[in-house]
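The values are calculated or read from the model by the stated rules, or taken from the named source; none is laboratory data. Small disclaimer: the values here were computed from a predicted structure and weren't measured. Note that we place each Cβ from the backbone using ideal geometry, even for glycine, and neighbour counts take in every protein chain shown.
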Amino acid sequence: MTDPKTLASRFPGDFTFGVATASFQIEGATKEGGRKPSIWDAFSNMPGRVFGRHNGDVACDHYHRLEQDLDLIKEMGVSSYRFSIAWPRIIPEGVGWVNEKGLDFYDRLLDGCKARGIKTFATLYHWDLPLALLGDGGWTARSTAYAFQRYAKVVMARLGDRLDAVATFNEPWCSVWLGHLYGVHAPGERNMEAALHAMHYTNLAHGLGVEAIRDVSPNVPVGLVLNAHSVIAGSESTEDKAATERAFDFHNGSFFGPVFKGEYPASLLDALGDRMPEVEEGDLAAISQKLDWWGLNYYTPMRVLADASEEAEFPATKPAPFVGETVTDIGWEIWSAAMKSLVMDLYDRYDLPEMYVTENGACYNMGVGADGEVDDQPRLDYYADHLSVCADLVSEGYPLRGYFAWSLMDNFEWAEGYRMRFGLVHVDYETQERTVKKSGKWYRDLALNFPHGNHKTA
Ligand code: IFM
């Protein structure tokens, strides 16, 4: 079903349609307004880390084009904007002095949203850790969790009055495992012990952050955004099914466990507990405070087989072949059914609050044609397919309150640099011209024509 109006009519009247971005991926102006480097500035400036040695220096120049981009969001017809706040703009050295100019930028962003009738969903940490904190070990140091707590307090004290929702972290799976175990994200570490320290201290920072947010802004709904993995066994064998459960514990349980159950998975502790830092008294209580909401970022399933080789470390799995016939330009399998089974599985396993799909979207790299249009029909199809799954979830009673497309516009796709494009809006990085793609016009039709009100769900 691709008719946007028909699709929109399957959602309840108070559903939120939004678009999402993140600070380092769009802002640019990395040396302006008092900002100091983050670990991603350092990482992208090292040869061999990011495709083409691209970096965030200019990105989408959003810092200088704020008003124009807020107009664009308004034109997209959405009711909400999800963005992240750059810690190195607010507390440039991670600890110590607070940079008022950094807060001023987000002040303008929030005022601009409010003036346009757009709700604000902020994320405090979308991977741009102040580089200075790496001197103490970055996320492998317990002190970083306390630095984050202070940062959360500073942000909420100045901006909390205009936030409709706040998330502590975006996808800790990436900043922990990609950044400290697989080495493909900043800071580029490949070490299980370091990764396990980053895992616990990130979880602790989340818990301390929740305390800080509630202390300063008790009325702002607080949540956490997780890229939960839909882990699917590559075969029906007992070994592969057991591997799937291990993979679930490692990739999901390492965050969902402490946050929603107050414990790390037993299998993870058995296999790797001796390399974890001390979990101090009170840590798990802080981490597992009840949240108002959680966010799911979903793109593709994770298919796994058991890895029986001697050197395989927990969870001892390897990738299984794709089943879906199509992949996006970044090579990710398209399989919307896994989004539904994932949500069902997570609500079975954990006591979860209401949720948003905080990211979903597809990478396709087509450019602007001779007619001035960007024909990205496969992205449009991806959105229609996955939004239909969301409508099914709503009609089956899952407390899904909103959906944010990733992303508003093409941007810095981390280790892939600018070559991978996820935007509903095309960005010409030479001229910074924005062109709404075919998928963007379709999403606009859906969001703009969405019949707000108490209409019944299908
Ligand atoms: O671009 C990223 C985003 O920063 C976090 N979630 C996944 C997106 C696509 O890879």
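A few remarks follow.
- Count - residues of the range 292-309 that are more than 21 Å from Ile334 (Cβ to Cβ), away from the ligand (no atom under 16 Å from the Cβ) and either in contact with a Gly (Cβ under 8 Å, 6 or more places away or on another chain) or part of a loop (DSSP other than H, G, I, E, B) (or both): 5
- From the list Pro265, Pro315, the one residue that fits, being within 30 Å of Ala212 (Cβ to Cβ) and surrounded by 14 or more Cβ atoms within 10 Å (Cβ to Cβ), is Pro265.
- Thr30 being within 24 Å of Trp173 (Cα to Cα), surrounded by 24 or more Cβ atoms within 10 Å (Cβ to Cβ) and polar (S, T, N, Q): no
- Residue within the range 409-417 that is at pLDDT 95 or above, outside any strand (DSSP E or B), more than 16 Å from the ligand (Cβ to nearest atom) and farther than 21 Å from Gly18 by Cβ present: no
- Members of the range 205-235 that are hydrophobic (A, V, I, L, M, F, W, C) and assigned to a strand (DSSP E or B): Val222, Leu224, Val225, Leu226, Val231, Ile232, Ala233
- Of the residues making up the range 430-444, those that are more than 18 Å from Leu66 (Cβ to Cβ), in contact (Cβ under 8 Å) with a residue 12 or more places away in the chain and assigned to a loop (DSSP other than H, G, I, E, B) number 1.
- Among the candidates Gly209, Gly262, Gly253, Gly234, the residue that is free of Cβ contacts under 8 Å to residues at least 24 places away in the same chain, more than 16 Å from the ligand (Cβ to nearest atom), among the small types (Gly, Ala, Ser) and out of contact with any Gly (no Cβ under 9 Å at 6 or more places or on another chain) is uniquely Gly253.
- The residues on offer are Gly361, Gly369, and the sole one that is of a type in the set (Gly, Ala, Ser), in a loop (DSSP other than H, G, I, E, B) and surrounded by fewer than 23 Cβ atoms within 10 Å (Cβ to Cβ) is Gly369.
- Residues of the range 320-345 that are surrounded by 19 or more Cβ atoms within 10 Å (Cβ to Cβ), more than 20 Å from the chain's Cα centre (by Cα) and within 16 Å of the ligand (Cβ to nearest atom): none at all.
- From the options Ala271, Ala285, Ala247, residue that is more than 16 Å from the ligand (Cβ to nearest atom) and buried (at least 21 other Cβ atoms within 10 Å of the Cβ): Ala247
- Candidates are the residues of the range 102-143 that are of a type in the set (D, E, K, R) and either over 19 Å from Glu32 (Cβ atoms) or in contact with a Pro (Cβ under 8 Å, 6 or more places away or on another chain) (or both); the one that is nearest to the ligand (Cβ to nearest atom) is Asp128.
- When each of Gly28, Gly18, Gly13 is tested for being over 30 Å from Leu133 (Cα atoms) and within 16 Å of the ligand (Cβ to nearest atom), the lone residue that passes is Gly18.
- For first residues located in the range 402-416 and at negative phi, partners that are more than 8 Å from the ligand (Cβ to nearest atom) and basic (Lys, Arg) and lie 6+ apart or on another chain with Cβ distances below 7 Å form the pairs Phe404/Arg82; Met409/Arg434; Asp410/Arg421; Ala415/Arg49.
- Qualifying position, being in a loop (DSSP other than H, G, I, E, B), of a type in the set (Val, Ile, Thr) and away from the ligand (no atom under 14 Å from the Cβ), among Val394, Val374: Val374
- For the range 352-387, filtered to residues that are of a type in the set (Gly, Ala, Ser) and within 21 Å of the chain's Cα centre (by Cα), the residue that is farthest from Pro12 (Cα to Cα) is Ala362.
For every residue, the table says whether it meets (1) part of a helix (DSSP H, G or I); (2) of a type in the set (Lys, Arg).
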{"position": "Phe83", "(1), (2)": "no, no"}
{"position": "Gly96", "(1), (2)": "no, no"}
{"position": "Lys101", "(1), (2)": "yes, yes"}
{"position": "Gly112", "(1), (2)": "yes, no"}
{"position": "Gly117", "(1), (2)": "no, no"}
{"position": "Asp128", "(1), (2)": "no, no"}
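- Here Ala384 does not qualify as crowded, with 19+ Cβ neighbours inside 10 Å, at pLDDT 95 or above, of a type in the set (A, V, I, L, M) and not in a helix (DSSP H, G or I).
- Screening Asn227, Asn297 for residues that are in contact with a Cys (Cβ under 9 Å, 6 or more places away or on another chain) and not acidic (Asp, Glu) leaves exactly one candidate, Asn227.
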